[in-house]
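The values are calculated or read from the model by the stated rules, or taken from the named source; none is laboratory data. What you see is a predicted model, and the numbers here were worked out from it, not measured in a lab. Quick reminder, even Gly has a Cβ in these numbers, built from the backbone with ideal geometry, and neighbours come from all protein chains shown.
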Amino acid sequence: NKRRCSGGIQGCSGSGGALNGSAAAGRFAAAGTAALGALMALLIAVTVAGNALVMLAFVADSSLRTQNNFFLLNLAISDFLVGAFCIPLYVPYVLTGRWIFGRSLCKLWLVVDYLLCTSSVFNIVLISYDRFLSVTRAVAYRAQQGNTRQAVLKMVLVWVLAFLLYGPAIISWEYISGQSIIPTGECYAEFFYNWYFLMTASTLEFFTPFISVMFFNLSIYLNIQKRTKMRLDVFHEVHNQSFTEEMERSPEAKISLKCCKETGEDHKVAKSLAIIVGIFGICWAPYTLLMIIRAGCHGQCISEFWYETSFWLLWVNSAVNPVLYPLCHSSFRRAFVKLLCPKKLKIQPHDHFAPVKRKLKKKS
């Protein structure tokens, strides 16, 4: 999510960093400029197509329009714009080592790039918080599921806060400092080597969100573990006779049926959130840490290879997110199949009790 192309590889140009003017083109020519260009074109295609499919599925399938899925849509919009706007402008820059689009487009690109980076993080926090409420305050959460207006307001708030974190600084930094430090033909943020600003921004943009997401995820896991134990006990007690007979005779059995279904759904929530959070940490943590260290030593203490590797992880994350949706959400998986292979769509009945039955067999 953190496509710090503006302050990443490009930001090192002219500053003794990763790319330095024409040297970049020579280095990439030796390593295979055509191959690098093909890989970036593939990344663009996968990112745009994958996130476009998520948005199209949301529009085409009304069953996806739940409050939490609205936040997933917000994340997909951010990732789509990364592939449609940020990466394409980055390609000629990284291949030639020179920004050819002028100062105005450079500043616009920086604002959009940082905006999309930050909005992606805030969206993940919002998704995690929404999952947290759905598990820990299920009754109140379900009562608000039809409140689309509130979900839209939260989505807009994410974009506003994301812009306020970096946007004003990108636009006004050179006017406040009295001069621009960006050489002609380069494009990166004026504050790229300001350690104090980057430390403050990273705390708000990564460390605080990551700690929050970990807290929400851990709370969800502990809550689900507690509820699963209680439900299994109830389920085991009311099933002294056959399952069918109990369903017909016992109101408690009907309650246990509902509880087991909810247990299966809760486990899916925990699994999907854990995967998304794990990918988020893997893609964000290396670059954030290296960025802070690099700013502190002015680019002299971090290997170029590791810095660029951590940077590319951020771009890849935009392409990975659409793959996570069908893996973690059966509703998205069905919608994707419906869009891509409508003739092959077969809705198979899902046994919500399979996990519970397996656990009961182990106990017995």
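Within the range 206-233, track down each residue that is among the charged types (D, E, K, R) and either touching a Phe, Trp or Tyr at 6+ places or on another chain (Cβ under 8 Å) or without any contact (Cβ under 8 Å) to a residue 12 or more places away in the chain (or both).
Lys226, Lys229, Asp233
Go through (1) more than 18 Å from the chain's Cα centre (by Cα); (2) in contact (Cβ under 8 Å) with a residue 60 or more places away in the chain for Ser318 and report which single condition fails.
(1)
Looking at the structure I just gave you, is Ala57 part of a helix (DSSP H, G or I), over 16 Å from Ser120 (Cβ atoms) and in contact (Cβ under 8 Å) with a residue 24 or more places away in the chain?
Judged against the criteria, Ala57 is a match.
Considering only the range 43-63, I want to know if a residue exists there that is at positive phi and either at pLDDT below 85 or in contact with a helix residue (DSSP H, G or I) (Cβ under 7 Å, 6 or more places away or on another chain) (or both).
No.
Between residues in the range 299-310 that are part of a loop (DSSP other than H, G, I, E, B) and residues that are of a type in the set (D, E, K, R), which pairs lie under 8 Å by C-beta distance while being six or more apart or on different chains?
Cys301/Arg294; Ile302/Arg294
Does the range 172-205 hold any residues that are without any contact (Cβ under 8 Å) to a residue 24 or more places away in the chain and either in contact with a strand residue (DSSP E or B) (Cβ under 8 Å, 6 or more places away or on another chain) or among the aliphatic types (A, V, I, L, M) (or both), and which are they?
Listed by number, the residues that qualify are Ile176, Ile181.
Pick out the one residue from Ser250, Ser303, Ser272, Ser318 that is of a type in the set (Gly, Ala, Ser), at pLDDT 75 or above and surrounded by 15 or more Cβ atoms within 10 Å (Cβ to Cβ).
Residue meeting the stated conditions: Ser318.
Do we find a residue being surrounded by 15 or more Cβ atoms within 10 Å (Cβ to Cβ), hydrophobic (A, V, I, L, M, F, W, C), modelled with pLDDT under 75 and out of contact with any strand residue (DSSP E or B) (no Cβ under 6 Å at 6 or more places or on another chain) anywhere in the range 258-268?
Checked the range 258-268: at least one residue is surrounded by 15 or more Cβ atoms within 10 Å (Cβ to Cβ), hydrophobic (A, V, I, L, M, F, W, C), modelled with pLDDT under 75 and out of contact with any strand residue (DSSP E or B) (no Cβ under 6 Å at 6 or more places or on another chain).
For the range 99-137, enumerate the residues that are touching a Pro at 6+ places or on another chain (Cβ under 8 Å) and either surrounded by fewer than 20 Cβ atoms within 10 Å (Cβ to Cβ) or aliphatic (A, V, I, L, M) (or both).
If the condition is that a residue be touching a Pro at 6+ places or on another chain (Cβ under 8 Å) and either surrounded by fewer than 20 Cβ atoms within 10 Å (Cβ to Cβ) or aliphatic (A, V, I, L, M) (or both), then Ile100, Val121, Ile124, Val125 are the ones that fit.
Hey, can you tell me all the residues within the range 60-94 that are over 18 Å from the mean Cα position of the chain (by Cα), part of a helix (DSSP H, G or I) and surrounded by fewer than 18 Cβ atoms within 10 Å (Cβ to Cβ)?
Result: Ala60, Ser62, Ser63, Pro88, Val91, Pro92.
Restricting attention to the range 330-353, report how many residues are at pLDDT 75 or above and not in a helix (DSSP H, G or I).
So the answer is 1.
Which numbered condition trips up Val356, out of (1) surrounded by fewer than 19 Cβ atoms within 10 Å (Cβ to Cβ); (2) modelled with pLDDT under 80; (3) not small (Gly, Ala, Ser)?
Among (1) surrounded by fewer than 19 Cβ atoms within 10 Å (Cβ to Cβ); (2) modelled with pLDDT under 80; (3) not small (Gly, Ala, Ser), the lone unmet condition for Val356 is (1).
Where in the range 119-202 are there helices (runs of 4 or more DSSP H), lying fully within it, with 3 or more residues that are acidic (Asp, Glu) and at pLDDT below 90?
Fully inside the range 119-202 and qualifying: nothing.
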